[in-house]
1. Yes or no: the stretch 332-347 includes at least one residue that is charged (D, E, K, R) and closer than 30 Å to Arg271 by Cα.
2. Just to be sure I understand, how many residues within the stretch 37-78 are under 29 Å from Ala311 (Cβ atoms) and more than 24 Å from the chain's Cα centre (by Cα)?
3. Looking at Gln314, Gln294 in this structure, which one is under 17 Å from the mean Cα position of the chain (by Cα), surrounded by 14 or more Cβ atoms within 10 Å (Cβ to Cβ), under 22 Å from Thr157 (Cα atoms) and of a type outside the set (Asp, Glu)?
4. What residue, of Ala123, Ala111, is in contact (Cβ under 8 Å) with a residue 60 or more places away in the chain and within 23 Å of Val330 (Cβ to Cβ)?
5. I need a count of the residues in the stretch 301-341 that are in a helix (DSSP H, G or I) and either touching a residue at least 60 places away in the same chain (Cβ under 8 Å) or among the acidic types (Asp, Glu) (or both).
6. Quick one: Gly173 ticks every box in (1) free of Cβ contacts under 8 Å to residues at least 24 places away in the same chain; (2) not in a loop (DSSP other than H, G, I, E, B) except a single one, so which number is it?
7. Could you list, in sequence order, all residues of the stretch 230-240 that are buried (at least 18 other Cβ atoms within 10 Å of the Cβ) and out of contact with any Lys or Arg (no Cβ under 7 Å at 6 or more places or on another chain)?
8. Say whether the condition of being under 25 Å from Ser167 (Cα atoms), surrounded by 23 or more Cβ atoms within 10 Å (Cβ to Cβ) and not charged (D, E, K, R) is met by at least one residue in the stretch 210-229.
Amino acid sequence: MIAFLASARKALTRGVFLSGAFALAACQPISIGGGTSGGGPAIDTSVPVPVALLVPKSSESAGTIATSLENAARLAIADLTSVKIDLRVYDTGGSTEQAVALAQKAVAEGAQIILGPLFADAANAAGNAVAGQNVNVLSFSNNASIAGGNVFVLGPTFENTANRIMSFAKRQGKTKVLIAHPNNVEGEFGRNAVQQAASRNGLAVASINGFEFSQTGVVAVVPQIKAAIDSTGADTLVLTSNSAGALPLLAQMLPEAGVSALNVQYAGLARWDVPAQTLELPGLQNGWFAMPDQGMIQNFQARYMQAYGTAPHQLAGLAYDGIAAIGALVEAGDKKALTIDALTQGAGFQGVAGAFRLRPNGTNERALSVAMVRDKQVVIIDPAPTKFSGAGF
């Protein structure tokens, strides 16, 4: 535990910001199909459907991820019984410019939908590049700011996690939320997601406490959080940080300052069980966080290991999900299977971690469980739904 906290302090001292998924987009997504919600190609479902997979195979930093994504896509194709997918792999090298060129090349060569790219800026640019060709893009990014028009994000979003936690909090009788977030891009995404989810679920945001992303910043914000809870009567404290950032120090220092789980419910946007040492932090005991169905994920990991002899990257399931969605739609035999209307049908799809669906605004909704840290162990207190009903949030 001491070593864990020490490493967290070093990360904050360096001001580390690791999430490439939050790279800022250079341009906005645009609509296809004349601006209608039905944009997308007409396809022949009786022949193999050409699907372009854009991944950074030759990238030094992301080549391993690319291999895992491609393997997972091929595993999904093998699982399809009555649908044929013609998977065409294009190596972006991690370059936005290359992603744009290859997206255009893939469409010129007949691709009717694009799976990828990995990074937000590349996905946004590629989507804009092929919008005029009436082709949709299912990117591996989790950056909701690039979603919309012909670009969808498959990655788990703060919006989805925040809504799951806030809806659960509302059902538990919570009424006032305090948000603590670092003043960086990722922290601001998290703050906005919690604000919107709280409003959507009828909870008041009593206070927002931003802090400099450093050890000094964490130390300075702790008494501010304590004062805000005392003055507002907030009953839920949402920490947007993860274990690689400010979470360990906040979860250590807040209880020491008198912010007790006896008078405020701790909750988080990040996975608190990764790494496992995080579960030992005093401030997280009896706290809530959201997570996907671990049984389903372990099943996928075992199948992947059996097929390829190695464990999949944690993002590999996104490629499987993309192919699973395409396959389910094509199987229905409708020539409009890859239009926006079809992709965003309310029932959603079954993926690696359970039910998920694409939303008309380009983001996604994934079925999540609510977990509690109890005696330094993860306990599921509200299981993930197995299917969707209604229009979603």
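We did not get these values from a lab; they are worked out from the coordinates using the rules stated. What you are looking at is a predicted structure, and each value in this text was computed from that prediction instead of being measured. Please note: Cβ atoms are built from the backbone with ideal geometry, for glycine as well, and neighbour counts cover all protein chains shown.
1. Step one: filter the stretch 332-347 for residues charged (D, E, K, R), giving 334-336, 341.
Keeping just the survivors that are closer than 30 Å to Arg271 by Cα gives none.
No; the residues of the stretch 332-347 include none that is charged (D, E, K, R) and closer than 30 Å to Arg271 by Cα.
2. Start the filter on the stretch 37-78 by keeping residues that are under 29 Å from Ala311 (Cβ atoms), which leaves 51-78.
Still in the running and more than 24 Å from the chain's Cα centre (by Cα): 58, 78.
Number of matching residues: 2.
3. Details: Gln314 fails: surrounded by 14 or more Cβ atoms within 10 Å (Cβ to Cβ).
Among Gln314, Gln294, only Gln294 is under 17 Å from the mean Cα position of the chain (by Cα), surrounded by 14 or more Cβ atoms within 10 Å (Cβ to Cβ), under 22 Å from Thr157 (Cα atoms) and of a type outside the set (Asp, Glu).
4. Details: Ala123 fails: in contact (Cβ under 8 Å) with a residue 60 or more places away in the chain.
Criteria check complete, one pass: Ala111.
5. Initial filter on the stretch 301-341 (in a helix (DSSP H, G or I)): 301-308, 316-331, 340-341.
The next check asks that each one be either touching a residue at least 60 places away in the same chain (Cβ under 8 Å) or among the acidic types (Asp, Glu) (or both); those that pass are 303-304, 307-308, 316-327, 330-331, 340-341.
Residues in the stretch 301-341 being in a helix (DSSP H, G or I) and either touching a residue at least 60 places away in the same chain (Cβ under 8 Å) or among the acidic types (Asp, Glu) (or both): 20 in total.
6. All conditions pass for Gly173, except number (2).
7. First pass over the stretch 230-240, keeping only residues buried (at least 18 other Cβ atoms within 10 Å of the Cβ): 234-240.
Scanning the stretch 230-240 gives Leu237, Val238, Leu239.
8. Taking the stretch 210-229 and keeping what is under 25 Å from Ser167 (Cα atoms), we get 210, 225-226, 228-229.
Now restrict to residues that are surrounded by 23 or more Cβ atoms within 10 Å (Cβ to Cβ): 225, 229.
Checking the rest, the ones that are also not charged (D, E, K, R) come to 225, 229.
Taking every residue of the stretch 210-229 in turn, at least one turns out to be under 25 Å from Ser167 (Cα atoms), surrounded by 23 or more Cβ atoms within 10 Å (Cβ to Cβ) and not charged (D, E, K, R).
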